[in-house]
Each structure stands twice: as structure tokens, then as C-alpha cells.
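The values are calculated or read from the model by the stated rules, or taken from the named source; none is laboratory data. Values in this document were obtained by computation on a predicted structure and should not be read as measured data. Quick reminder, even Gly has a Cβ in these numbers, built from the backbone with ideal geometry, and neighbours come from all protein chains shown. Calculation scope for accessible area: heavy atoms of the full protein, side chains included, ligands and nucleic acids excluded. Shrake-Rupley method; radii C 1.70, N 1.55, O 1.52, S 1.80 Å.
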Amino acid sequence: MSDVPILYELDGGLACIILNRPQVLNSFTPEMLAALHAAVSRAGREARAVLITGAGRGFSAGQDLASIQAGYTETTSPDLKTLLEVSYHPMLADLRALPMPVVAAVNGVAAGAGLSLALACDLRVAAENARFATAFTRIGLVPDAGMGYTLPRLVGAGRAASLLLTGEQVDAPTALSIGLVDKLMPAASFAEEARAYARTLAEGPTRAFALTKRMLQADGLSFSEMLTLEAELQAEAGNTADHRGAIAAFLRKEPARFAGR
Ligand code: T3D
């Protein structure tokens, strides 16, 4: 095992970011979050899709609680606001702003801010033996790292309240049934299948994906405002080489091949 907390590989157009502290279920230290931020930024410059997964048996158990224990006394706690603002928020903001599809490949347990990271991605695939726990209220905290935003949008307000207030763990089939993940894959072949899934996105219409993400992130528009935005974005998508090539391929009865332009 390498002692580098984040591994990065570029596989064709797919950037694979691997959370790499398996002995503590890939829980986050500030150094690891800084390395994750650097990996996210690098992927933004060179990839057409991004996959984030964990080394070993976990995806991530969230904040490394041992690394902050020195900040606790009987009457005082570490400065969690600053920890979030400095170590988590810039990385998460840049992750959300990536124009290409980002897949969380949840290979095992995802808890606390580890689950928040998975929820901040565009898509989530999970191994059939993965587990999910919001975890925050179990240690007397509120959801953070974006979970207060993403969770209700993914599973609805009622389910979000139940997951947050009970802190209960859910298994992968339950996660699939409530919309916490999009797809399950066998544990034995998970790493290969998750990469193959993400690779198809890296070979897709990169510019149309970026424009679709802009549409999905345009919260709070009225119906007519959305019609306007759709038309503007469609004008851009319609002027890409990938769109023109896909139309020509369709008319030749051939599969489309996208160069990402
Ligand atoms: O507080 C702030 O800094 C603000 C930011 C908060 C963001 C957050 O993420 S708060 C939530 C933090 N996470 C948790 O509370 C989850 C803690 N972990 C667990 O509840 C369990 O480990 C799991 C349910 C995730 C998995 O359980 P299990 O039985 O599969 O594994 P385990 O045996 O508990 O853990 C394996 C090892 O990882 C173990 O170490 P050991 O005994 O083998 O030496 C365990 O201590 C370590 N580990 C697991 N989670 C963390 C951790 N070490 C440090 N920090 C962790 N979060």
C-alpha cells in the first residue's frame, strides 16, 4: 500500500481518483483533502469524465476523527467551521463546477463526509455490499460537506429526515431503491465494471454533458425560464462537431463516435 493519500490515474479520457487511506476506511485528513482538491483540479484540466473510488474495503468514513482528537477538551472542541471552510468547501465547490461527468464508485462503506462526497458527484454506482450512513447526528453533529443540500434533492425531504435523524446504516439494495445510488454492480467485479461504466461517459459528447450539467444545476427557474435556458444551451450543443457527427452517423445507420468537441 502506498502512503500517498490520493492516487490519480488518467486512463484514456477518464481520470480515476482513488481515496487511499484504507487502514482507516479512507477517512479524511486536511492533507488528504488538499490532495483530493489538487486531483479534482487536474482532472478538470485533462479528463472527459472522472471516477472517485476508495482503496480497500471502504469508500470513505468521513472526517478522520482521530486526527482532530487533540482539539477536544472537556469544555472545548476544535474549530469545525474553519476546518470545513478551509479543507472541504473549496474542493467541493470545484468538484461541483467540473464540466465533465463525475461518478462516485462506492466500493464499500460511505459515512459522514465520505457520503457527502459521493452525493456531490453527478452519478453514483455502488458495489452490492456497500453500506451508507449519514453518521453525523450519531456523534452530535449536523450534516456537512454539502449533504444538507444534496441528500433531500436525491431522496426527498422525508427520506432525508429519516436518514439524518436516525443516522441508520442502509444497505446497497435499499440505497438503490430510495435513489441514493443509481446502479449496483457485483462486488467481485466492481472495480472493472465501475471503470467501464465511467469510460463510456469519457467517450461521450463532452460538451453536451457540460451543458446538461449547467441545466441540471440551474435551480429555482420557472417553467418559462427553463424553456429559455434550454433553447440557449441547445443552440450551443447544436453547433458542436459531436452533434453534427452524430447526426451524420445516424443517417448512415452507424453508431455515433464522440471526440469531445
Ligand atoms: O467533526 C468534524 O471535523 C467536522 C466534519 C465532519 C465530517 C464528518 O465526516 S463527521 C462523521 C465522521 N465519521 C463517522 O462518524 C463514522 C465513523 N466510523 C464508523 O462509524 C464506522 O467505522 C463505519 C460505520 C464507517 C464502518 O464500520 P466498520 O465496522 O465496517 O469498520 P470499523 O472497524 O469501525 O473501522 C475500521 C477502522 O477504521 C477502525 O480502525 P482500527 O480499529 O482497525 O484501528 C476505525 O477506528 C477506523 N475508522 C473508521 N472510521 C473512522 C476511522 N478512523 C478515523 N476516523 C473515522 N471517521
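Laid out as a table, the results:
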quantity: Whether segment 1-130 is rounded, prolate or oblate, judged on the alpha carbon gyration tensor where a/c under 1.5 counts as rounded; calculated: prolate
quantity: Mean Cβ count within 10 Å, highest first, over the residues of peptides 69-82, 182-195, 21-34; calculated: 21-34, 182-195, 69-82
quantity: 0 to 90° range, to nearest 10: angle between helix 223-238 axis and the chain longest Cα axis; calculated: 60
quantity: Candidate residues Tyr149, Tyr197, Tyr88: accessible-area rank, largest first, probe 1.4 Å; calculated: Tyr149, Tyr197, Tyr88
quantity: For segment 60-191, fraction of C-alpha pairs farther apart than 20 Å, in %; calculated: 45
quantity: Accessible surface ranking that places the most exposed of Phe209, Phe59, Phe250 first, with a 1.4 angstrom probe; calculated: Phe250, Phe209, Phe59
quantity: Inter-centroid distance (Cα atoms) of segment 188-217 relative to segment 102-165, Å; calculated: 20
quantity: Amide H contacts under 5 Å for Val106, placed H, 5+ residues apart; calculated: Val125, Ala126, Ala127
quantity: All Cα pairs of the chain, percent lying beyond 24 Å; calculated: 51
quantity: Whole-Hz couplings from phi, Karplus 6.51/-1.76/1.60, listed for segment 244-249; x for Gly and Pro; calculated: 4, x, 5, 5, 4, 5
quantity: Placed amide H near Leu51: partners under 5 Å, 5+ positions off or other chain; calculated: Ala15, Cys16, Ile17, Val103
quantity: Given charges at beta-carbon only (K, R positive; D, E negative), |dipole| of segment 1-115 in Debye; calculated: 300
quantity: Volume of the Cα convex hull of segment 132-260, divided per residue and given in Å³; calculated: 160
quantity: Using alpha-carbon coordinates, inclination of helix 30-46 to the longest axis of the chain, degrees; calculated: 0
quantity: Relative contact order (percent, whole number), segment 111-261, Cα cutoff 8 Å, 6+ residue spacing; calculated: 22
quantity: Accessible area per residue, Å², the chain with all protein chains present, probe 1.4 Å; calculated: 50
quantity: Descending semi-axes in Å of segment 12-68, equivalent ellipsoid built from Cα gyration tensor; calculated: 23, 13, 6
